[in-house]
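Trainee: Below you'll find the structure I mean.
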Amino acid sequence: MTTDDVVPADLAVRTRGLTKRFRSGQVAVDAVDLEVPRGAVYGFLGPNGSGKTTTLRMVLGLVAPTSGTATLLGEPMPAAGTRVLSRVGALVEGPGFHPYLSGRANLDRLDAVDATADPRTRDRRAGAALDRVGLTAAARKPFRQYSLGMKQRLGLAAALLRPRELLVLDEPTNGLDPQGTREVRHLLRELADAGTTVLVSSHLLGEVEQVCTHVGVMSRGRLLVQGPPQQLAADAETTVVVSTTRACVDDAARLLADLGLLDVRAEGTVLSARLGMVAPEKISAAMVGAALDLVGLEVRRPSLESLFVELTGEGFDVAR
């Protein structure tokens, strides 16, 4: 056994070189090394088509990888699927239920096929799961009459039928109104506080920023970066914006370059540059010492959104 074969105990999900290549030659997932700490709410970010869902399907053993490995709660997948999947709740690529059965009947059928579930407490489990996702009033309604948002809620209820060590959720707020989205965020926080690890994929930046302790950014099948959002932002380039007067622009640009700032650019009377290791107060002191007009100075630290755009060159849906 090599060092790389040993999965750290503090990781709920780990992949190494996980790759999926289709027969057409398209590489949907390209050598992804995912690391989801236990107890984290991990936001798996990326636009639609970036490879998030295919990665989750491989992690859960639903799709065989072309190459690479995946471990779930310390167990190799898919070999250990029968042992480990009872400890995992999942909602991937939308819920699939019997259309003519009610929401409650669908949950009862799912619970009945779980060999590890106690049938004596089935009614209590199904009722509690429906209540947690706000579907108690619609429990007897046929699934085919559910709206898209209600279907997503029932999918979440199915994932929550039993206490889980890990939840894997693919776009769980798809189809939900703003109130429903807030409720899901609150639910994820509750689950994390109770010790459940949550791996949630999303293309909605605002959703991730408000609840996640860790993020990973996918683009074109590759995992570009991962870690706590604050750390990723701190590691990214910070810029400084200096406002001066027209007569001082050229001298101020030379001064910023002499101080060691990079990519100094001027637009009218406003200069911008990458701050690097230069302290902002050193810039203001140098401007005053050189008798240059300092109208304003602003330090801009990158947000998660700007980091995503910088890494991928793509826009990001920040709705909700």
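The values are calculated or read from the model by the stated rules, or taken from the named source; none is laboratory data. Predicted model only: the values in this text are computed from it and were never measured. Neighbour counts are summed over all protein chains in view; Cβ atoms, including those assigned to glycine, are modelled from backbone coordinates with ideal geometry.
Trainee: If you scan the range 204-220, which residues turn out to be at pLDDT 75 or above, within 17 Å of Asp170 (Cβ to Cβ) and part of a helix (DSSP H, G or I)?
Mentor: Within the range 204-220, Val211 is the sole residue that qualifies.
Trainee: So, one more: Return yes or no: is Arg122 part of a loop (DSSP other than H, G, I, E, B) and over 30 Å from Leu11 (Cβ atoms)? Steps first, answer last, please.
Mentor: Working: part of a loop (DSSP other than H, G, I, E, B): no; over 30 Å from Leu11 (Cβ atoms): yes.
It is false that Arg122 is part of a loop (DSSP other than H, G, I, E, B) and over 30 Å from Leu11 (Cβ atoms).
Trainee: Which numbered condition in (1) at pLDDT below 90; (2) surrounded by 15 or more Cβ atoms within 10 Å (Cβ to Cβ); (3) of a type in the set (A, V, I, L, M) is the only one that Val240 fails?
Mentor: In the conditions (1) at pLDDT below 90; (2) surrounded by 15 or more Cβ atoms within 10 Å (Cβ to Cβ); (3) of a type in the set (A, V, I, L, M), Val240 misses (1) alone.
Trainee: Which condition breaks for Asp123 when tested against (1) farther than 17 Å from Glu183 by Cα; (2) under 29 Å from the mean Cα position of the chain (by Cα)?
Mentor: (2)
Trainee: Can I ask one more? Tell me, yes or no, whether the range 150-159 has at least one residue that is of a type outside the set (Lys, Arg) and either surrounded by fewer than 17 Cβ atoms within 10 Å (Cβ to Cβ) or outside any helix (DSSP H, G or I) (or both).
Mentor: Looking for residues that are of a type outside the set (Lys, Arg) and either surrounded by fewer than 17 Cβ atoms within 10 Å (Cβ to Cβ) or outside any helix (DSSP H, G or I) (or both), one finds none in the range 150-159, hence no.
Trainee: Now for a different question. Tell me, which residue of the range 16-54 that is in a loop (DSSP other than H, G, I, E, B) and of a type in the set (A, V, I, L, M, F, W, C) is modelled with the lowest pLDDT?
Mentor: Phe22
Listed here are the residues, each with its yes/no results for (1) of a type in the set (A, V, I, L, M, F, W, C); (2) in the same structural domain as Gly43 (by TED's automatic domain parsing); (3) assigned to a helix (DSSP H, G or I); (4) modelled with pLDDT of 95 or more.
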residue	(1), (2), (3), (4)
Arg265	no, no, no, no
Ala273	yes, no, no, no
Val278	yes, no, no, no
Val309	yes, no, yes, no
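Trainee: Go through the range 186-195 and count every residue that is under 13 Å from Val133 (Cβ atoms) and touching a residue at least 24 places away in the same chain (Cβ under 8 Å).
Mentor: Let us first name the residues in the range 186-195 that are under 13 Å from Val133 (Cβ atoms), namely 186-188, 190-191.
From what is left, the residues that are touching a residue at least 24 places away in the same chain (Cβ under 8 Å) are 187-188, 191.
Of the residues in that region, 3 qualify.
Trainee: So, Val29, is that one among the β-branched types (Val, Ile, Thr) and farther than 18 Å from Arg220 by Cα or not?
Mentor: Here the answer is no, as Val29 does not meet what is asked.
To keep it simple, each residue is scored yes or no on (1) under 24 Å from Val208 (Cα atoms); (2) aliphatic (A, V, I, L, M).
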site	(1), (2)
Arg14	yes, no
Leu18	yes, yes
Arg21	no, no
Val41	yes, yes
Gly49	yes, no
Val59	yes, yes
Pro65	no, no
Pro78	no, no
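Trainee: Next question. Between a residue in the range 145-174 that is at negative phi and outside the structural domain of Val36 (by TED's automatic domain parsing) and any residue that is buried (at least 21 other Cβ atoms within 10 Å of the Cβ) and β-branched (Val, Ile, Thr), which pairs come within a Cβ distance under 9 Å, given they are 6 or more apart or on different chains?
Mentor: none
Trainee: OK, next. Restricting to the range 67-88, and then to whatever is touching a residue at least 12 places away in the same chain (Cβ under 8 Å) and in a strand (DSSP E or B), can you tell me which residue is nearest to Lys141 (Cα to Cα)?
Mentor: Among them, the one singled out is Val88.
Trainee: Could you give me the residue pairs with C-beta distances under 7 Å whose first residue belongs to the range 89-118 and is among the polar types (S, T, N, Q), whose second residue is assigned to a loop (DSSP other than H, G, I, E, B) and surrounded by 17 or more Cβ atoms within 10 Å (Cβ to Cβ) wherever it lies, and which are 6+ apart or on separate chains?
Mentor: Ser102/Ala139; Asn106/Phe97
Trainee: Here are Leu187, Leu232, Leu223: which of them is in contact with a Leu (Cβ under 9 Å, 6 or more places away or on another chain), in a strand (DSSP E or B), buried (at least 18 other Cβ atoms within 10 Å of the Cβ) and on the phi < 0 side of the Ramachandran plot?
Mentor: After applying the criteria, what remains is Leu223.
Trainee: In the range 138-145, is there at least one residue being in a helix (DSSP H, G or I) and among the basic types (Lys, Arg)? Before you say what the answer is, go through the steps one by one.
Mentor: Let us first name the residues in the range 138-145 that are in a helix (DSSP H, G or I), namely 138, 143-145.
Checking the rest, the ones that are also among the basic types (Lys, Arg) come to 144.
Among the residues of the range 138-145, at least one is in a helix (DSSP H, G or I) and among the basic types (Lys, Arg), which makes the answer yes.
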